[in-house]
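S.K.: Structure in structure tokens, see below.
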Amino acid sequence: MKLYDYTMAPNPRRVRIFIAEKGLDIENIAVDLGAKAQMEDAYRAKNPELLVPALELDDGTIIGESMAICRYLEEVHPEPPLLGRTAIEKATVEMWQRRMEMNGLAAVAEAFRNTVPGFAGRAIAGPHDYDQIPDLAARGLLRIEHFFNDLNNRLATSPFVAGEHYSVADITALVAVDFAKVAKKRPDESLTALSAWREKVSARPSAKA
């Protein structure tokens with residue numbers, strides 16, 4: 001297998017952490033988004049969405065989208081389980097993972113991509129061009145604050161985002177919290193539950209992937 005990756009982007013990091021937690025050794029191929037390598041014909045032929053990460057299987061099949069990649073890897077390498085064990089755990093992990101994605105990662109992207117000059121005309125990643133909307137950046141910053149507060153409230157009553165066990169929901173949440181720095185946002189020191197959880201999950205070797 002091969003993972004098409006860009007180290008500075010948040011979504012590839014989610015998959016790298018997932019792979020590290022599984023203890024897998026997957027060939028990593030860098031796609032330089034800064035040089036717009038994702039727009040070149042060679043990568044476009046593999047992933048017409050022009051996004052990273054993408055996982056290429058040994059038979060040439062391409063799987064795009066972070067959670068699709070994680071779900072495939074969970075199916076073929078079920079231990080340790082990162083998407084839940086029982087039916088209720090799986091549903092709960094999916095619920096919280098989606099919240100971390102939409103309320104965290106999407107909020108950061110909204111704030112970041114609608115202000116940075118380098119994303120002019122490219123406010124949304126993918127094969128189509130979209131103009132920046134400054135008002136969306138302001139909304140994104142507010143959403144990030146709400147994300148931090150809501151996550152802190154959740155972690156005040158739960159050791160991990162989705163419950164008793166570390167899961168892909170923690171991976172997405174950590175990546176979102178860390179990546180918020182690009183929008184110049186950091187959790188307030190008063191959010192002690194979030195801070196303690198962040199220290200705990202950041203200490204896992206996989207967090208450095």
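The values are calculated or read from the model by the stated rules, or taken from the named source; none is laboratory data. Bear in mind that the values here come from a model prediction, so they are computed numbers and not experimental data. Neighbour counts run over all protein chains shown; Cβ positions are idealised from the backbone, glycine included.
S.K.: Among the residues of region 93-119, which ones are of a type in the set (Val, Ile, Thr), more than 20 Å from Ile19 (Cβ to Cβ) and under 18 Å from the mean Cα position of the chain (by Cα)? Steps first, please.
M.R.: Restricting attention to region 93-119, the residues satisfying the condition of being of a type in the set (Val, Ile, Thr) are 93, 108, 115-116.
Cutting the leftovers down to more than 20 Å from Ile19 (Cβ to Cβ) gives us 108, 115-116.
Hit for region 93-119 is Val108, nothing else.
S.K.: Would you be able to say whether some residue in region 52-60 is closer than 30 Å to Ile133 by Cβ, touching a residue at least 12 places away in the same chain (Cβ under 8 Å) and in contact with a Pro (Cβ under 6 Å, 6 or more places away or on another chain)? Step through it out loud before you land on a result.
M.R.: Step one: of region 52-60, the residues closer than 30 Å to Ile133 by Cβ are 52-54.
Next, only the ones that are touching a residue at least 12 places away in the same chain (Cβ under 8 Å) stay: 52-54.
Imposing the further condition that a residue be in contact with a Pro (Cβ under 6 Å, 6 or more places away or on another chain) reduces the set to 52-53.
Yes: region 52-60 contains one or more residues that are closer than 30 Å to Ile133 by Cβ, touching a residue at least 12 places away in the same chain (Cβ under 8 Å) and in contact with a Pro (Cβ under 6 Å, 6 or more places away or on another chain).
S.K.: Please state which one of Ala54, Ala20, Ala35 is under 22 Å from Phe179 (Cβ atoms) and in contact with a helix residue (DSSP H, G or I) (Cβ under 6 Å, 6 or more places away or on another chain).
M.R.: Numbers: Ala54 fails: in contact with a helix residue (DSSP H, G or I) (Cβ under 6 Å, 6 or more places away or on another chain); Ala35 fails: in contact with a helix residue (DSSP H, G or I) (Cβ under 6 Å, 6 or more places away or on another chain).
Just one listed residue meets the conditions, Ala20.
S.K.: Determine the pairs where a residue that is within 17 Å of Asn152 (Cβ to Cβ), located within region 172-189, has a partner that is of a type in the set (Val, Ile, Thr) and outside any helix (DSSP H, G or I) with Cβ atoms under 6 Å apart, the partner being 6 or more residues away or on another chain.
M.R.: If the second residue must be of a type in the set (Val, Ile, Thr) and outside any helix (DSSP H, G or I), the pairs left are Ala173/Val161.
S.K.: Moving to a separate point now. Across region 178-200, what is the total count of residues that are among the aliphatic types (A, V, I, L, M), surrounded by fewer than 19 Cβ atoms within 10 Å (Cβ to Cβ) and within 19 Å of the chain's Cα centre (by Cα)?
M.R.: So the count comes out to 1.
S.K.: Name the residues in region 27-64 that are within 15 Å of Pro127 (Cβ to Cβ), part of a loop (DSSP other than H, G, I, E, B) and touching a Leu at 6+ places or on another chain (Cβ under 8 Å), would you?
M.R.: Answer for region 27-64, where residues must be within 15 Å of Pro127 (Cβ to Cβ), part of a loop (DSSP other than H, G, I, E, B) and touching a Leu at 6+ places or on another chain (Cβ under 8 Å): just Val52.
S.K.: Okay, moving on. I'd like the full set of residues that are touching a Lys or Arg at 6+ places or on another chain (Cβ under 8 Å), surrounded by 16 or more Cβ atoms within 10 Å (Cβ to Cβ) and more than 18 Å from Ala20 (Cβ to Cβ), limited to region 55-85.
M.R.: Glu56, Gly84
S.K.: Considering every residue within region 12-26, establish whether at least one is without any contact (Cβ under 8 Å) to a residue 60 or more places away in the chain, assigned to a helix (DSSP H, G or I), touching a strand residue (DSSP E or B) at 6+ places or on another chain (Cβ under 7 Å) and under 26 Å from Leu136 (Cβ atoms). Let's see the steps before the verdict.
M.R.: Looking only at region 12-26, we keep the residues that are without any contact (Cβ under 8 Å) to a residue 60 or more places away in the chain, and these are 12, 15, 23-26.
Okay, now just the ones that are also assigned to a helix (DSSP H, G or I), so 12, 15.
Checking the rest, the ones that are also touching a strand residue (DSSP E or B) at 6+ places or on another chain (Cβ under 7 Å) come to 12, 15.
Next, from what is left, pick out any that are under 26 Å from Leu136 (Cβ atoms): 12.
There is at least one residue in region 12-26 that is without any contact (Cβ under 8 Å) to a residue 60 or more places away in the chain, assigned to a helix (DSSP H, G or I), touching a strand residue (DSSP E or B) at 6+ places or on another chain (Cβ under 7 Å) and under 26 Å from Leu136 (Cβ atoms).
S.K.: Could you list, in sequence order, the residues of region 107-135 that are part of a helix (DSSP H, G or I) and either assigned by TED's automatic domain parsing to the domain that holds Arg44 or surrounded by 16 or more Cβ atoms within 10 Å (Cβ to Cβ) (or both)?
M.R.: Filtering region 107-135 for residues part of a helix (DSSP H, G or I) gives 107-113, 117-119, 134-135.
Of everything in region 107-135, those that are part of a helix (DSSP H, G or I) and either assigned by TED's automatic domain parsing to the domain that holds Arg44 or surrounded by 16 or more Cβ atoms within 10 Å (Cβ to Cβ) (or both) turn out to be Ala107, Val108, Ala109, Glu110, Ala111, Phe112, Arg113, Phe119.
S.K.: For region 162-176, name all the residues that are within 14 Å of Met95 (Cβ to Cβ) and either out of contact with any strand residue (DSSP E or B) (no Cβ under 6 Å at 6 or more places or on another chain) or in a strand (DSSP E or B) (or both).
M.R.: So in region 162-176, the residues within 14 Å of Met95 (Cβ to Cβ) come out as 162-163, 167-170, 172-173.
Correct list: Ala162, Gly163, Ser167, Val168, Ala169, Thr172, Ala173.
S.K.: Can you list residue pairs whose Cβ atoms sit under 9 Å apart, with the first residue in region 28-50 being over 13 Å from Thr7 (Cβ atoms) and touching a residue at least 40 places away in the same chain (Cβ under 8 Å) and the second being among the charged types (D, E, K, R) and not in a helix (DSSP H, G or I)? Count only pairs 6 or more apart in sequence or on different chains.
M.R.: Every condition considered, the pairs that remain are Lys46/Glu56; Glu49/Glu65.
S.K.: In addition: Cβ contacts < 7 Å: first residue within 15 Å of Met100 (Cα to Cα), restricted to region 131-158; second residue of a type in the set (Lys, Arg) and at pLDDT 95 or above, any location; separation 6+ or different chain. Result?
M.R.: Once the first residue is within 15 Å of Met100 (Cα to Cα) and sits in region 131-158, its partners that are of a type in the set (Lys, Arg) and at pLDDT 95 or above give Ile144/Lys185.
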